[in-house]
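To keep things clear, I will list the structure first and then write my remarks on it.
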Amino acid sequence: MPNRSLGLETLQGDTVYEEYWGLKEKPFENTPDPKFLYYSRQHREALLNLEYAVRENKGAVMLTGDYGCGKTLLSRALISKLEPDRFDVGLVANPLLSEEEFLQEVLYQLGFDQRPTAKAEILRHIEEVLFRNAQAEKITIILIDEAQLIQSKVIFEELRLLLNFQLNDRFLLTLVLVGQVELRAMVKAIPQFDQRIAIKCHLGALSPDDTKGLILHRLAVAGRTEPIFSEEAMALIHEHTEGTPRRINNICDVSLLIGFSRGLKEVDVRLIRELISSEKEL
């Protein structure tokens with residue numbers, strides 16, 4: 001958004017800074033594109049845990065993390081690693097639903113086009129999908145993003161009961177819960193469900209080195225191998241954002257736009273200070 005306090009004039013038409021900085025695309029979009037995932041140690045370990053739980057059919061796994069730390073991006077990276085001929089993934093991206101609506105959404109995301117309304121019928125169709133996949137030697141995954149938005153303990157109970165769909169030697173589905181920190185307390189408050197979650201992992205803030213690594217990685221993926229941000233600028237970005245990837249992306253994106261508008265050769269610490277000061281004034 002143009003900011004007059006930074007001397008940025010309104011640009012006509014599309015605002016494009018990629019060509020100016022030698023980029024093939026914008027590197028700091030807050031969209032869950034797996035190719036932009038930076039593998040800090042904690043992100044690598046979390047993805048390893050998720051993939052292990054899914055491939056070894058562990059029943060249920062939970063990923064929690066601070067706001068903006070890359071949980072959704074990591075979950076999409078998980079999905080991108082799963083072979084479509086071996087895995088059937090149902091993604092529930094907005095679980096803020098009633099009990100019946102939630103089960104309907106699970107069924108729909110597993111490829112069942114009809115929308116039965118009776119709970120018994122919904123569950124019967126879910127079971128049919130699970131057994132059909134098992135016969136085809138496919139693993140069924142239900143991934144629930146923003147799971148902290150689930151407002152009813154009844155839905156958690158339904159999820160627990162879905163784990164009862166199993167053969168003698170394995171579960172018929174793997175449940176992946178992804179959510180903010182409060183999800184841990186919500187699950188812990190339901191011991192019967194908490195005990196069914198085989199693996200729990202958590203994402204926190206990035207270290208100064210990983211903040212730098214994220215910035216350089218995203219620039220490289222977007223086509224730029226030479227530095228744009230000075231060392232001092234990246235250090236200040238870490239301090240200001242407290243190592244939160246979403247905030248890092250936001251300030252880096254704006255700094256590239258402002259730098260482009262001013263014809264700068266690099267993003268230095270003075271520009272980052274200016275952006276931070278301008279942000280505080282809003």
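Annotations for the structure displayed:
- For P227: the one exception among (1) modelled with pLDDT under 95; (2) surrounded by 16 or more Cβ atoms within 10 Å (Cβ to Cβ): (2)
- Of the strands (runs of 3 or more DSSP E) lying entirely inside region 132-213, those carrying at least 2 residues that are at pLDDT 95 or above and buried (at least 21 other Cβ atoms within 10 Å of the Cβ) are 139-144, 173-180.
- Test: residue in region 61-73 that is hydroxyl-bearing (S, T, Y), in contact (Cβ under 8 Å) with a residue 24 or more places away in the chain and touching a His at 6+ places or on another chain (Cβ under 7 Å): yes
- Qualifying helices (runs of 4 or more DSSP H) (wholly inside region 1-89; at least 2 residues being out of contact with any Gly (no Cβ under 8 Å at 6 or more places or on another chain), farther than 23 Å from K212 by Cα and at pLDDT 95 or above): 41-55, 71-81
- For beta carbons closer than 9 Å, sequence separation of 6+ or different chains, a first residue in region 130-150 that is among the acidic types (D, E) and a second that is part of a loop (DSSP other than H, G, I, E, B), the qualifying pairs are E137/R86; D145/A93; D145/N94; D145/P95; E146/A93; E146/N94; E146/P95; E146/L96.
The values are calculated or read from the model by the stated rules, or taken from the named source; none is laboratory data. Worth saying up front: this structure is predicted, and the values here are computed from it rather than measured. No Cβ is skipped: glycine too gets one built from the backbone with ideal geometry, and neighbour counts run over all protein chains shown.
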